[in-house]
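Visitor: Here it is, the structure in full.
FYI, it's all coordinate maths here, none of it is from the lab. Here the structure is a predicted model, which means the values were calculated and not measured. As a convention, Cβ positions derive from the backbone with ideal geometry for all residues, glycine included, and neighbour counts pool all protein chains shown.
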Amino acid sequence: MGQKVNPTGFRTGIMIGWKSRWYASKQEFANLLIEDHKIRKFVKDKYKFAGIPKIEIERTRDEVKVIMHTARPGIIIGRKGQEVERLQGELQDLVGRRINIKIEEIARPEIMAQLVAEDIAEQLAKRASFRRCMKRAMETTMEAGAKGIKIQLAGRLGGSEMARREKAIAGSIPLSTLRAKIDYGFTEAMTAQGHIGVQVWVNQGMYHEDQTDGVDAQAGEAPKKPKRTYKR
């Protein structure tokens with residue numbers, strides 16, 4: 001009891017969809033899964049500073065569609081789309097299939113947990129104070145319109161001899177509420193003393209918050225009529 005559950009895995013199939021959407025037979029499944037991992041790793045390593053929290057992959061018989069959600073689409077697109085074409089060619093060489101790239105811009109990168117975690121890790125690698133990093137990240141996320149944020153760092157914080165954990169919470173983080181839109185991000189900061197794990201949970205509100213069925217439900221409710229009395 002009391003163990004943490006990954007919020008993304010907890011809601012997958014109930015409130016959110018899968019990041020890889022395709023079907024394969026038992027013989028092909030493992031190879032295609034490794035292919036997906038290769039594509040994601042290649043893109044993340046190549047565009048470290050493009051702010052890519054999520055890469056979705058859809059497969060048909062003929063091609064692989066790669067949907068990249070990014071905070072800075074200009075870095076990936078390049079001049080007149082030259083960078084996209086180059087990336088397309090590199091991915092095709094990597095997996096040996098036809099690749100179709102689609103780029104979607106993120107409107108509010110400040111409330112994306114993965115981007116917040118990567119930003120903190122980048123600052124920690126530059127020897128910034130971990131408490132200041134956490135405080136600044138929390139303030140920025142809350143100002144951007146998040147309902148709550150939780151940050152947890154684990155490792156040799158501040159270069160101390162013994163590893164420990166530090167945690168900070170602002171607002172509300174209802175982790176057990178399936179309707180709550182909890183975004184989760186994890187990365188590692190490479191410091192001189194060792195790796196520091198950075199975990200971030202961001203409460204982005206509720207799923208279908210604006211779509212309330214209360215009025216429709218009342219209108220569609222059957223009218224209450226008095227029970228008929230049958231005479232014998």
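Visitor: Which residue, VAL202, ILE173, MET112, has the largest displacement toward the positive end of the dipole of segment 109-206 when charges sit on each Cβ (Lys, Arg +1; Asp, Glu -1)?
Guide: ILE173
Visitor: May I pose another question? Roughly what would the spin-label model give for ARG127 and ASP45, points 7 Å off Cα along C-beta, in nm?
Guide: 2.9 nm
Visitor: Quick one: which residues, 5 or more positions from ILE99 or on another chain, have an amide H under 5 Å from its amide H? H modelled 1.01 Å from N in the peptide plane, none for Pro or chain starts.
Guide: Amide H neighbours of ILE99: VAL64.
Visitor: Considering the dipole of the chain built from charges on the beta carbon (Lys and Arg +1, Asp and Glu -1) around the Cα centre, which of VAL95, GLY74, ILE182 is farthest to its positive end?
Guide: Result: ILE182.
Visitor: What size of dipole, in debye to the nearest 20, comes out for segment 109-206 about its Cα centre when the only charges are +1 on Lys and Arg C-beta atoms and -1 on Asp and Glu C-beta atoms? Mind dumping the intermediate values first?
Guide: Details: 14 positive and 10 negative charges, 66 e Å.
Here the size comes out at about 320 debye.
Visitor: With an 8 Å Cα cut-off and a minimum separation of 6 or more residues, compute the relative contact order for segment 1-131 in percent.
Guide: Working: 120 pairs, mean separation 27.1, N = 131.
Relative contact order for segment 1-131 comes out at 21 percent.
Visitor: If you take the beta carbon distance between GLU28 and ALA192 as r and set R0 to 45 Å, what does 1/(1 + (r/R0)^6) give as a FRET efficiency, to the nearest 0.05?
Guide: Values: r = 44 Å, r/R0 = 0.97.
So, using R0 = 45 Å, E works out to roughly 0.55.
Visitor: Mind checking the dipole of segment 10-105: about its Cα centre, +1 per Lys or Arg Cβ, -1 per Asp or Glu Cβ, Debye to the nearest 20? Kindly include the intermediate steps, with their values, before the conclusion.
Guide: Working: 21 positive and 14 negative charges, 43 e Å.
Charge dipole of segment 10-105: 200 debye, to the nearest 20.
Visitor: Classify segment 81-143: rounded, prolate or oblate, from the alpha-carbon gyration tensor (a ≥ b ≥ c, eigenvalue square roots; a/c under 1.5 rounded; otherwise prolate if a/b is larger than b/c)?
Guide: Values: a/c = 3.96, a/b = 2.27, b/c = 1.74.
It is prolate, given that a/c is not under 1.5 and a/b is the larger ratio.
Visitor: Which aspartates and glutamates, if any, have their Cα less than 14 Å from the Cα of LYS102, not counting same-chain residues under 8 positions apart?
Guide: List returned: GLU56, GLU58, GLU63, GLU83, GLU85.
Visitor: Related question: Please state the shape class of segment 109-206: rounded when a/c is under 1.5, otherwise prolate if a/b exceeds b/c and oblate if not, all from the C-alpha gyration tensor. Numbers along the way, then the final one.
Guide: Details: a/c = 2.28, a/b = 1.90, b/c = 1.20.
Judged from the Cα gyration tensor, segment 109-206 comes out prolate (a/c at least 1.5, a/b above b/c).
Visitor: For segment 32-126, which chymotrypsin sites (Phe, Trp or Tyr not before Pro) pass both filters: DSSP loop (anything but H, G, I, E, B) and at most 13 other C-beta atoms within 10 Å? Could the numbers behind the result be given before it?
Guide: Details: sites: PHE42, TYR47, PHE49; in loops: TYR47, PHE49.
Here the chymotrypsin sites (Phe, Trp or Tyr not before Pro) that fit, given the DSSP loop and packing criteria, are PHE49.
Visitor: Something else about it: For the chain, what does the alpha-carbon gyration tensor say about shape, rounded, prolate or oblate, given a ≥ b ≥ c as the root eigenvalues, a/c under 1.5 as rounded, and a/b over b/c as prolate? Don't skip to the answer; put the middle values down first.
Guide: Details: a/c = 2.15, a/b = 1.30, b/c = 1.66.
Oblate, since a/c reaches 1.5 and b/c is not below a/b.
Visitor: May I ask which residue of ASN31, TYR47, VAL84 lies farthest towards the positive end of the charge dipole of segment 10-105, with charges of +1 (Lys, Arg) and -1 (Asp, Glu) on Cβ and the Cα centre as origin?
Guide: Going by the charge dipole, the pick is TYR47.
Visitor: Using a Gaussian network for the chain with springs between C-alpha atoms less than 10 Å apart, which of these wobbles most: ASP183, ASP45, ASP119?
Guide: With Cα springs under 10 Å in the chain, the top fluctuation among ASP183, ASP45, ASP119 is at ASP45.
Visitor: Only helical DSSP H runs with n ≥ 4 go in: add -39500 (n - 2.57) per run for the chain, normalise by residue count and round the 222 nm mean residue ellipticity to 500 deg cm²/dmol. Don't skip to the answer; put the middle values down first.
Guide: Working: 7 runs with 78 residues, N = 232.
Estimated from H runs of four or more residues: -10000 deg cm²/dmol.
Visitor: On to the next question. Quote the relative contact order of the chain in percent (integer), defining contacts as alpha-carbon pairs under 8 Å separated by 6+ residues. Display every interim value, and only then the final one.
Guide: Numbers: 340 pairs, mean separation 38.4, N = 232.
Relative contact order of the chain: 17 percent.
Visitor: Size of the dipole of the chain about the Cα centre, Lys and Arg at +1 and Asp and Glu at -1 on the beta carbon, nothing else charged, in debye to 20?
Guide: Numbers: 43 positive and 29 negative charges, 206 e Å.
Charge dipole of the chain: 1000 debye, to the nearest 20.
Visitor: Right, here's the next one. For segment 61-101, calculate the relative contact order in percent as a whole number, restricting contacts to Cα pairs under 8 Å that are 6 or more residues apart. Provide the component values of the computation, followed by the final result.
Guide: Details: 30 pairs, mean separation 24.4, N = 41.
Rounded, it is 60 percent for segment 61-101.
Visitor: What's the longest bit of the chain with no exposed GluC sites (Glu not before Pro), using DSSP loop states and at most 12 other Cβ atoms within 10 Å as the test?
Guide: The longest uninterrupted stretch comes out as 1-160.
Visitor: Shifting gears a bit: Could you check which residue among GLN27, GLN123, GLN204 shows the biggest mean-square fluctuation in a GNM of the chain with a 10 Å Cα cutoff?
Guide: For the chain, modelled as a Gaussian network with Cα springs under 10 Å, the answer is GLN27.
Visitor: Search the structure for amide H atoms under 5 Å from the amide H of THR187, placed 1.01 Å from N in the peptide plane, and list their residues when 5 or more places away or on another chain.
Guide: VAL198
Visitor: Mean-square fluctuation check for the chain, GNM, Cα pairs under 10 Å: which of LYS147, LYS48, LYS135 is largest?
Guide: Largest GNM mean-square fluctuation: LYS48.
Visitor: Next question. Going by how many other beta carbons lie within 10 Å of each one, how would you line up HIS69, HIS208, fewest first? Write out the running numbers ahead of the final one.
Guide: Working: HIS69 19, HIS208 10.
Lowest count first: HIS208, HIS69.
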